[in-house]
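The values are calculated or read from the model by the stated rules, or taken from the named source; none is laboratory data. Note that the coordinates shown come from a computational prediction; the quantities given were computed from them, not determined experimentally. When we count neighbours, we look across all protein chains shown, and the Cβ atoms used for this are built from the backbone with ideal geometry, even at glycine.
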Amino acid sequence: MSAQLTAEKHFIIDFDSTFTKVEALDILGEISLNGHPERDLRLQQIAEVTDRGMAGEMSLRESLEARISILDAHQHHMDELVDRLRQLSFLKKMPPIPTSYPMGSKTSSYR
């Protein structure tokens, strides 16, 4: 009997400045680092990495990996992130955005 490995697929969409008018990872940093002793330093580091990525000094993958490694974000921060993005952008007009979908669901418009 062989063990069957299952791999979950995740898709990353860079929607900043397309669907929103802000950098979502900057906002997620503000949320997830609230009360953290290195909050200001880490937020500055996130902003610097974002700027380097926008200047073409880093690939999108490198920028995402670097910013995510600085964050202390968890799934429970997502609802607040979505609420904040709606307040700061035209996402207010969109229907509720689920934070996750089961694989194989018929939600191709969000993939």
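Worth a mention:
- Taking the criterion of being touching a residue at least 12 places away in the same chain (Cβ under 8 Å) and either touching a Leu at 6+ places or on another chain (Cβ under 7 Å) or under 16 Å from GLU23 (Cβ atoms) (or both), the residues of the range 55-77 that qualify are LEU60, SER63, LEU64, ALA66, ARG67, ILE68, ILE70, LEU71, ASP72, ALA73, HIS77.
- Of the residues making up the range 41-61, those that are over 16 Å from ALA24 (Cα atoms) and either part of a loop (DSSP other than H, G, I, E, B) or within 17 Å of the chain's Cα centre (by Cα) (or both) number 5.
Residue-wise test of (1) closer than 25 Å to GLU8 by Cα; (2) at pLDDT 90 or above; (3) aliphatic (A, V, I, L, M); (4) surrounded by fewer than 17 Cβ atoms within 10 Å (Cβ to Cβ).
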position: ILE31; (1), (2), (3), (4): no, yes, yes, no
position: GLY35; (1), (2), (3), (4): no, yes, no, yes
position: GLU38; (1), (2), (3), (4): no, yes, no, yes
position: SER69; (1), (2), (3), (4): yes, yes, no, yes
position: LEU88; (1), (2), (3), (4): no, no, yes, yes
position: TYR101; (1), (2), (3), (4): yes, no, no, yes
position: SER109; (1), (2), (3), (4): yes, no, no, yes
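- Of the residues screened, VAL82 is not one that is surrounded by 13 or more Cβ atoms within 10 Å (Cβ to Cβ), modelled with pLDDT under 90 and either in a loop (DSSP other than H, G, I, E, B) or more than 15 Å from the chain's Cα centre (by Cα) (or both).
- Leading residue by the ranking (modelled with the highest pLDDT) among those in the range 48-67 that are aliphatic (A, V, I, L, M) and loosely packed, with under 11 Cβ neighbours inside 10 Å: ALA55
- Pairs meeting the criteria (first residue in the range 25-40 and in a helix (DSSP H, G or I), second residue at pLDDT below 95 and among the hydroxyl-bearing types (Ser, Thr, Tyr), beta carbons under 8 Å, at least 6 apart or on different chains) are LEU25/THR50; ASP26/THR50.
- Within the range 5-24, not a single residue is modelled with pLDDT of 85 or more, of a type in the set (A, V, I, L, M) and touching a Ser or Thr at 6+ places or on another chain (Cβ under 7 Å).
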